[in-house]
1. Name the single residue that is modelled with the highest pLDDT among those in the stretch 73-121 being under 20 Å from Leu12 (Cβ atoms) and not in a helix (DSSP H, G or I).
2. Give me a count of the residues in the stretch 16-45 that are under 18 Å from Ser82 (Cβ atoms) and either at pLDDT below 55 or touching a Ser or Thr at 6+ places or on another chain (Cβ under 8 Å) (or both).
3. Tyr48 passes all but one of (1) farther than 18 Å from Arg86 by Cα; (2) of a type in the set (Phe, Trp, Tyr); (3) at pLDDT 90 or above; which number fails?
4. Would you mind stating whether Asp10 is in a loop (DSSP other than H, G, I, E, B), among the charged types (D, E, K, R) and at pLDDT 90 or above?
Amino acid sequence: MITYVVQPGDTLFSIANRYNTTVEAILRANNLTSLNIYAGQRLLIPVYGPGPIPGPGPGPIPPPPGPGPGPGPGGGLEQRVSRLEREFNQLDREVNRLTREVNRLDQRIDRLEQRVTRLER
């Protein structure tokens, strides 16, 4: 296990890729329940392989040389992962908001049922 300090632009995917581990393993090691991380955050990284993949330093690993991002296999993978993480986080916030609203409505129904019970007596 190593300690890693999150750098600006890092994602759990890029960190997991750099250290030859999985996003799920990092989530478990740090008791995280969402993919949200922030620069300066300290994360425990379970390392299973030969260690970090050499790269230019902190931040996402650059794409390999080639024709560049595009519709081909692997083209723009980091950008797509980042977009999907943003969409996931947005949906996660919406689910939390809707859960709070359902709980609020359940409480309101309970109060109304109590009033009906009192009126029926």
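The values are calculated or read from the model by the stated rules, or taken from the named source; none is laboratory data. This one's a predicted model, so the numbers in the text were calculated from it and none came from an experiment. No Cβ is skipped: glycine too gets one built from the backbone with ideal geometry, and neighbour counts run over all protein chains shown.
1. Gly76
2. Of the residues in the stretch 16-45, 5 are under 18 Å from Ser82 (Cβ atoms) and either at pLDDT below 55 or touching a Ser or Thr at 6+ places or on another chain (Cβ under 8 Å) (or both).
3. Only one criterion is unmet by Tyr48, namely (3).
4. Details: in a loop (DSSP other than H, G, I, E, B): yes; among the charged types (D, E, K, R): yes; at pLDDT 90 or above: yes.
Here the answer is yes, as Asp10 does meet what is asked.
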